[in-house]
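A.B. asks: Right, I'll just put the structure down here and ask away after.
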Amino acid sequence: MGDTKMADRYREAVRLYTKNTRTSVCNGSPWIHWEPDELHFTYEHQEREKTGVRNVTLRVNAATGEATEHVPDKGQMESAGSTLPSNWSVSPDGRHALYTKEHNLVLYEIPSGKETILTNDGEQLLEYGCYIDIYSQITVQRQGYIEHPQVCWSPDGRYFVTYRADRRTTRHLNVIESFHDEEAEDVRPVLRQYPCPFAADPDDEIPHYTLFVGDISEGVMKPVDAPDFLYPVFTSEEKSIVKWLDDSNGFYFTWIARGYQEARLYLAEASKGNARPVICETTDKFFNLGAFQLLDGYGSYLFSNFITQDRRYAFWQSERNGYAHLYRYRLDPDASICEGDLFCEADRERIVQKIIRVDEKNEKIYFMGNQDKDCSDPLYYQLYVVHFDGSGLKRLTPEDATHRISMGKDHFVDTYSRVDLPPVTLLRDRDGKFIRELEKADITQLMELGYQFPERFTVTAADGKTRLCGILVRPAHIEPGRKYPVIDYIYGGAQLYNVPREFTWDNTMDREIYGGLQSFAKLGFAGIILDGRGTPGRGMEIHGFSYHNIHACAGLEDHAACLMQLAEKYPFLDISRVGMWGNSAGGYATVSAMFRYPDIYQVGVASSGNYDQRMYEHSWTERYYGLYEKELYRQGDITRLAGNLQGRLMLAYGAMDDNVSMSQTLRLCDELNRHGKTYDLVVLPRSNHNVPADLYFVRRKMDFFVKELLKEEPPADLPVEM
């Protein structure tokens, strides 16, 4: 470290907080807006000036790549629905709108102002089209969320699909709002409640979501002839489980059974609400649904199934051969006939992710895929095209990186990057032919903040054969011959991977990038992030490691096993001084590491942990544990190993957490108390589940690792936010 003082190191660390890095990169992630003809698009080009950043709107001819400065027409007429309240949902033709009143749906005819009450049985917790955020029910209320109908309109605006959420019999969890604002007259704590089902709850006590189709011309709503959903559904915006056919006479959706072992694709007739299953598949493990449409392994399951407009074919994503592929079915009135996997045996391990576009005229499917043998990381997402008959599979993005695609009619815009490669944005035609480079990210200011490129590494899992990928952030001031303590930033949930693949300088949740490893590097730590077995995106053999095995924390034993390999590769790592930290499932993994591997992990910081899987919302837990079995679910209770604690542990929770109840942490504290264990506890009265975004917690976390793992004293006179 030379003569650098600890207070100076802290100042360097704070410079790399997300609030500082997020505005430090120009042209790193252009947002593409295609015009209706999909032949032109606009985006904001950023130019850094002495006083800040100037945004210039560019309009690009996709065929030629020619870009001109674009000034929107301020005199353009407002749409018919623009004067309506923002919490109303307006039909595509602009003639009708929907709004909620006393838990019911009301139809408003825009030209005449006529109102029609579509439902009349709504009541508290029996609501039509209500917004369901099962992990933030109290948070959205506190933030002033204004309810608007969650509906999916047909293209012609005649029909819409929504749901009725029945949560009347669901048991509640409590949140106590203990703090108050200085101006408040009533300083009594406020009790807030929200419905939250657990896996042990029977079917009649968990929420039921019934699909309804609304007919604008008749002013009625009819239930869709399909089983209720027993997990939360979405029927609005890109998250919608419902997809309309272009003729507006039919729609399709994917239904999943409780326990995630049966899935069906339904085709419905809009005028009658009748629906028939055209595909049904069962599995002995799990169908992994997506976490809010993230590309997280088999995460686009609901959105990668589709039916062609002529209703001749259905395409279905399945892991039946061990990898997520597309299967083609020929539809007829009486049966579904599987026509085979769209991938030849040579491409068996390539994985289908999100469908980007379907060109039915030319019978082509454009999709994001991964696990390409020519990529250095199996989770680098690439754009591919394949014909309906499975022929002509072609990769359209040649760069060894992960790609984000915005596709028009005949062209696409591609922004690609790696953790060690700043973003580049290109324009290509639909066959992948390069047209021009649009932008190359300017990271000058980010580097001036002290940012350093993470290094990619590969190690072998504890099974001795599986190749795993991770990243390393070196200590910022390495001295020859000196060894440095290691912080392992972990997540531990089976639904997504933790290792970033894209170049990262921002976090939309206001958390530290790379789990704070950039800041820790300034303090004198090396940091690693690793994806172990049990994470998605590499086939069921690896992902299935988490089946009936949530308590394995998505490969926690792989984290322990890789340290010796990393020490051989990076001699400056001191694996006799190793710490771990994580939030939510990462908190669970951190505590598990401290209890299961006390000889390896000496220091841990765990926030918002779900330490007992019996006490968590059922849809996440049942995905991997399956339906409730007492002995299996008991293995997910890490508090039973509290007596194993030997190292230094800091726990933290947000008192307003409406995702993982603070009771989970308090139950763990109770067990630690019973065993006479010493630990630190940080309580954040105003925070919800997003504890890592709290700067007081960030500072306490830094102090804890500096004192307990680095064995130095943190500065006492610096303000939290500096």
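The values are calculated or read from the model by the stated rules, or taken from the named source; none is laboratory data. Bear in mind that the values here come from a model prediction, so they are computed numbers and not experimental data. Cβ placement follows ideal geometry from the backbone for every residue including glycine, while neighbour counts extend to all protein chains displayed. Remember, those area values only see protein heavy atoms, side chains included, never the ligands or the DNA or RNA. Shrake-Rupley method; radii C 1.70, N 1.55, O 1.52, S 1.80 Å.
A.B. asks: Give the stretch 684-705 a look and list any residue that's farther than 17 Å from Arg511 by Cα and surrounded by 14 or more Cβ atoms within 10 Å (Cβ to Cβ), or say none.
C.D. replies: Just the residues of the stretch 684-705 that are farther than 17 Å from Arg511 by Cα, to begin with: 685, 703-705.
Passing the criteria: Asp703, Phe704, Phe705.
A.B. asks: Among the listed residues Gly144, Gly157, identify the single one that is within 23 Å of Val242 (Cβ to Cβ), of a type in the set (Gly, Ala, Ser) and either open to solvent by 40 Å² or more (accessible area, probe 1.4 Å) or in contact with a Ser or Thr (Cβ under 8 Å, 6 or more places away or on another chain) (or both). Even if it seems obvious, please write down each step before you answer.
C.D. replies: Numbers: Gly144 fails: within 23 Å of Val242 (Cβ to Cβ).
Among Gly144, Gly157, only Gly157 is within 23 Å of Val242 (Cβ to Cβ), of a type in the set (Gly, Ala, Ser) and either open to solvent by 40 Å² or more (accessible area, probe 1.4 Å) or in contact with a Ser or Thr (Cβ under 8 Å, 6 or more places away or on another chain) (or both).
A.B. asks: Right, here's the next one. Could you check the stretch 453-472 and list, in sequence order, the residues that are crowded, with 16+ Cβ neighbours inside 10 Å and more than 12 Å from Leu530 (Cα to Cα)?
C.D. replies: Within the stretch 453-472, the first condition is being crowded, with 16+ Cβ neighbours inside 10 Å, and the residues that meet it are 453-454, 456-457, 459, 461-462, 466, 468-472.
Across the stretch 453-472, the qualifying residues are Phe453, Pro454, Ala462, Thr466.
A.B. asks: Mind listing just one residue for me: the one in the stretch 691-722 that is of a type in the set (Phe, Trp, Tyr) and under 16 Å from Gly515 (Cβ atoms) and, of those, nearest to the chain's Cα centre (by Cα)? Even if it seems obvious, please write down each step before you answer.
C.D. replies: Step one: list which residues in the stretch 691-722 are of a type in the set (Phe, Trp, Tyr), which gives 696-697, 704-705.
Cutting the leftovers down to under 16 Å from Gly515 (Cβ atoms) gives us 697, 704-705.
Details: Phe697: 23, Phe704: 29, Phe705: 28 Å.
Of everything passing the filter in the stretch 691-722, Phe697 is nearest to the chain's Cα centre (by Cα).
A.B. asks: Report yes if Leu681 is closer than 24 Å to Ile600 by Cα and open to solvent by 40 Å² or more (accessible area, probe 1.4 Å), otherwise no. Outline the logic, then answer.
C.D. replies: Numbers: closer than 24 Å to Ile600 by Cα: yes; open to solvent by 40 Å² or more (accessible area, probe 1.4 Å): yes.
Considered against the rule, which asks whether it is closer than 24 Å to Ile600 by Cα and open to solvent by 40 Å² or more (accessible area, probe 1.4 Å), Leu681 comes out as yes.
A.B. asks: Could you pull out the residue among Arg418, Arg428 that is of a type in the set (Lys, Arg), buried (at least 16 other Cβ atoms within 10 Å of the Cβ) and in contact (Cβ under 8 Å) with a residue 60 or more places away in the chain? Break it down into steps so the answer makes sense when it comes.
C.D. replies: Numbers: Arg428 fails: in contact (Cβ under 8 Å) with a residue 60 or more places away in the chain.
From the options Arg418, Arg428, the qualifying one is Arg418.
A.B. asks: Look at Ala184 and say whether it is touching a residue at least 24 places away in the same chain (Cβ under 8 Å) and assigned to a loop (DSSP other than H, G, I, E, B). Even if it seems obvious, please write down each step before you answer.
C.D. replies: Details: touching a residue at least 24 places away in the same chain (Cβ under 8 Å): no; assigned to a loop (DSSP other than H, G, I, E, B): yes.
In short, no.
A.B. asks: Looking only at the stretch 539-559, how many residues end up being open to solvent by 20 Å² or more (accessible area, probe 1.4 Å) and more than 17 Å from Gly464 (Cβ to Cβ)?
C.D. replies: 5
A.B. asks: On to the next question. Which residues, counting only those in the stretch 112-134, are assigned to a loop (DSSP other than H, G, I, E, B) and in contact with a Phe, Trp or Tyr (Cβ under 6 Å, 6 or more places away or on another chain)? Spell out how you get there, then give the answer.
C.D. replies: Within the stretch 112-134, the first condition is being assigned to a loop (DSSP other than H, G, I, E, B), and the residues that meet it are 112-114, 118-122, 124-125, 129-134.
Within the stretch 112-134, Thr119, Gly122 qualify.
A.B. asks: Further question on the same structure: Yes or no: Gly340 in contact (Cβ under 8 Å) with a residue 12 or more places away in the chain and out of contact with any strand residue (DSSP E or B) (no Cβ under 9 Å at 6 or more places or on another chain)?
C.D. replies: Details: in contact (Cβ under 8 Å) with a residue 12 or more places away in the chain: yes; out of contact with any strand residue (DSSP E or B) (no Cβ under 9 Å at 6 or more places or on another chain): no.
Spelling it out, it is not the case that Gly340 is in contact (Cβ under 8 Å) with a residue 12 or more places away in the chain and out of contact with any strand residue (DSSP E or B) (no Cβ under 9 Å at 6 or more places or on another chain).
A.B. asks: How about the stretch 321-345: which of its residues are modelled with pLDDT of 70 or more, loosely packed, with under 14 Cβ neighbours inside 10 Å and outside any strand (DSSP E or B)?
C.D. replies: Asp332, Cys344
A.B. asks: Starting from the stretch 469-494, take each residue that is touching a residue at least 24 places away in the same chain (Cβ under 8 Å) and farther than 23 Å from Met6 by Cα and list its partners that are small (Gly, Ala, Ser) and part of a loop (DSSP other than H, G, I, E, B), counting only C-beta distances under 8 angstrom and pairs at least six apart or across chains.
C.D. replies: Pairs that qualify, where the first residue is touching a residue at least 24 places away in the same chain (Cβ under 8 Å) and farther than 23 Å from Met6 by Cα and the partner is small (Gly, Ala, Ser) and part of a loop (DSSP other than H, G, I, E, B), are Tyr491/Ala554; Tyr491/Ser584; Gly492/Ala554; Gly493/Ala554; Gly493/Ser584; Ala494/Gly534; Ala494/Ala554.
A.B. asks: Looking at the stretch 350-384, which of the residues that are more than 15 Å from Ala401 (Cβ to Cβ) and more than 25 Å from the chain's Cα centre (by Cα) is most open to solvent (accessible area, probe 1.4 Å)?
C.D. replies: So the residue we want is Lys361.
A.B. asks: Please find, within the stretch 486-502, the residue that is nearest to Ala521 (Cα to Cα) out of those that are open to solvent by 20 Å² or more (accessible area, probe 1.4 Å) and out of contact with any strand residue (DSSP E or B) (no Cβ under 8 Å at 6 or more places or on another chain). I'd like the intermediate steps shown before the answer.
C.D. replies: Initially, the stretch 486-502 is screened for residues open to solvent by 20 Å² or more (accessible area, probe 1.4 Å), giving 489, 491, 496-498, 500, 502.
Remaining after also requiring out of contact with any strand residue (DSSP E or B) (no Cβ under 8 Å at 6 or more places or on another chain): 496-497.
Working: Leu496: 25, Tyr497: 22 Å.
That would be Tyr497.
A.B. asks: Just need a number here: residues in the stretch 681-722 that are modelled with pLDDT of 95 or more, in a loop (DSSP other than H, G, I, E, B) and aliphatic (A, V, I, L, M).
C.D. replies: Residues meeting the conditions: 2.
A.B. asks: So Glu479 clears everything in (1) over 29 Å from the mean Cα position of the chain (by Cα); (2) closer than 19 Å to Leu556 by Cα except one condition, right? Which one?
C.D. replies: (2)
A.B. asks: Which condition from (1) of a type outside the set (D, E, K, R); (2) within 21 Å of Phe212 (Cβ to Cβ); (3) at pLDDT 90 or above is the one that Ala263 breaks?
C.D. replies: Single failed check for Ala263: (2).
A.B. asks: Does Phe286 count as in contact with a helix residue (DSSP H, G or I) (Cβ under 9 Å, 6 or more places away or on another chain), part of a loop (DSSP other than H, G, I, E, B) and open to solvent by less than 10 Å² (accessible area, probe 1.4 Å)? Spell out how you get there, then give the answer.
C.D. replies: Numbers: in contact with a helix residue (DSSP H, G or I) (Cβ under 9 Å, 6 or more places away or on another chain): yes; part of a loop (DSSP other than H, G, I, E, B): yes; open to solvent by less than 10 Å² (accessible area, probe 1.4 Å): yes.
Answer is yes for this residue.
A.B. asks: Against the definition (open to solvent by 50 Å² or more (accessible area, probe 1.4 Å), in a helix (DSSP H, G or I), touching a residue at least 12 places away in the same chain (Cβ under 8 Å) and not hydrophobic (A, V, I, L, M, F, W, C)), how does Asp247 come out, yes or no? Show your work before the answer.
C.D. replies: Values: open to solvent by 50 Å² or more (accessible area, probe 1.4 Å): yes; in a helix (DSSP H, G or I): no; touching a residue at least 12 places away in the same chain (Cβ under 8 Å): yes; not hydrophobic (A, V, I, L, M, F, W, C): yes.
So Asp247 does not fit the description; no.
A.B. asks: Same structure again: Given Tyr484, Tyr497, Tyr451, which one is touching a helix residue (DSSP H, G or I) at 6+ places or on another chain (Cβ under 8 Å) and either among the aromatic types (Phe, Trp, Tyr) or at positive phi (or both)? Don't jump to the end; show me each part of the working.
C.D. replies: Values: Tyr484 fails: touching a helix residue (DSSP H, G or I) at 6+ places or on another chain (Cβ under 8 Å); Tyr497 fails: touching a helix residue (DSSP H, G or I) at 6+ places or on another chain (Cβ under 8 Å).
Residue meeting the stated conditions: Tyr451.
A.B. asks: Given (1) outside any loop (DSSP other than H, G, I, E, B); (2) buried (at least 20 other Cβ atoms within 10 Å of the Cβ), identify the lone condition not met by Pro149.
C.D. replies: (1)
A.B. asks: Scan the stretch 1-51 for residues that are out of contact with any helix residue (DSSP H, G or I) (no Cβ under 9 Å at 6 or more places or on another chain), open to solvent by 70 Å² or more (accessible area, probe 1.4 Å) and either part of a helix (DSSP H, G or I) or at positive phi (or both) and jot them down.
C.D. replies: Correct list: empty.
A.B. asks: Pick from the stretch 103-136 the residues that are aromatic (Phe, Trp, Tyr) and at pLDDT 95 or above: which of them is farthest from the chain's Cα centre (by Cα)? Outline the logic, then answer.
C.D. replies: First pass over the stretch 103-136, keeping only residues aromatic (Phe, Trp, Tyr): 108, 128, 131, 135.
Checking the rest, the ones that are also at pLDDT 95 or above come to 108, 128.
Working: Tyr108: 35, Tyr128: 26 Å.
Ranking the candidates gives Tyr108 first.
A.B. asks: Suppose the filter is of a type outside the set (A, V, I, L, M, F, W, C), under 16 Å from Val499 (Cα atoms) and either open to solvent by less than 30 Å² (accessible area, probe 1.4 Å) or at pLDDT 95 or above (or both); does Gly534 pass it? Quick ask: steps written out before the conclusion?
C.D. replies: Numbers: of a type outside the set (A, V, I, L, M, F, W, C): yes; under 16 Å from Val499 (Cα atoms): yes; either open to solvent by less than 30 Å² (accessible area, probe 1.4 Å) or at pLDDT 95 or above (or both): yes.
It is true that Gly534 is of a type outside the set (A, V, I, L, M, F, W, C), under 16 Å from Val499 (Cα atoms) and either open to solvent by less than 30 Å² (accessible area, probe 1.4 Å) or at pLDDT 95 or above (or both).
A.B. asks: Here is a follow-up. Return the pairs, sorted by first residue and then second, in which the second residue is open to solvent by 30 Å² or more (accessible area, probe 1.4 Å) and β-branched (Val, Ile, Thr), the first residue lies in the stretch 431-450 and is more than 22 Å from Val14 (Cα to Cα), the beta carbons are less than 8 Å apart, and the residues are 6+ apart or on different chains.
C.D. replies: Note: pairs meeting the criteria are Ile435/Thr64.
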